[in-house]
Amino acid sequence: MVIERETAAVTKVVLELEVANHAGVMSHICGLFARRAFNVEGILCMPLADASRSRIWLLVFEDERLEQMIKQVEKLEDVISVVRHGAEHAVFERLETFFR
């Protein structure tokens, strides 16, 4: 998925995070992005089977700061793993049909 933003083509990326499932985790993650003025275009969060962990998908624009953002997210205490996907990842494509 490529869109025009400020006259330059920008690609979206999906970040898939596995995190500890407890109050405040989403706030820590979103706060990290907000403090660095890095906009999150989409968020989806669901608990995993045993409910002690959750999976969070973040839809973000790829720019020169993204690699540093991923490194910062990985340092958060409650983040277990971070996987980077292209924007074609099915999770957001399926959801977009509900918002059209």
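Remarks
- Screening the stretch 31-41 for residues that are in a helix (DSSP H, G or I) and within 17 Å of Val13 (Cβ to Cβ) and picking the one that is nearest to the chain's Cα centre (by Cα) gives Phe33.
- Looking only at the stretch 66-81, and only at residues there that are out of contact with any Lys or Arg (no Cβ under 9 Å at 6 or more places or on another chain) and in contact (Cβ under 8 Å) with a residue 60 or more places away in the chain, the one that is farthest from Phe38 (Cα to Cα): Ser81
- Qualifying positions in the stretch 34-59 - in contact (Cβ under 8 Å) with a residue 24 or more places away in the chain and within 17 Å of Ser81 (Cα to Cα): Leu44, Pro47, Leu48, Ala51, Ser52, Arg53, Ser54, Arg55, Ile56, Trp57, Leu58, Leu59
- All positions within the stretch 84-93 that are loosely packed, with under 12 Cβ neighbours inside 10 Å and either under 13 Å from Ile43 (Cα atoms) or touching a residue at least 12 places away in the same chain (Cβ under 8 Å) (or both): Gly86, Glu88
- Meets criteria (part of a strand (DSSP E or B), of a type in the set (A, V, I, L, M) and modelled with pLDDT under 95) for Leu44: yes
Each row is one residue, and each column tells you yes or no for (1) under 14 Å from the mean Cα position of the chain (by Cα); (2) at negative phi; (3) surrounded by 15 or more Cβ atoms within 10 Å (Cβ to Cβ); (4) assigned to a helix (DSSP H, G or I).
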| residue | (1), (2), (3), (4) |
| --- | --- |
| Asp50 | no, yes, no, no |
| Arg55 | yes, yes, yes, no |
| Leu58 | yes, yes, yes, no |
| Gln72 | yes, yes, yes, yes |
| Val82 | yes, yes, yes, no |
| Leu95 | no, yes, no, yes |
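The values are calculated or read from the model by the stated rules, or taken from the named source; none is laboratory data. Source: prediction; values computed, not measured. Quick reminder, even Gly has a Cβ in these numbers, built from the backbone with ideal geometry, and neighbours come from all protein chains shown.
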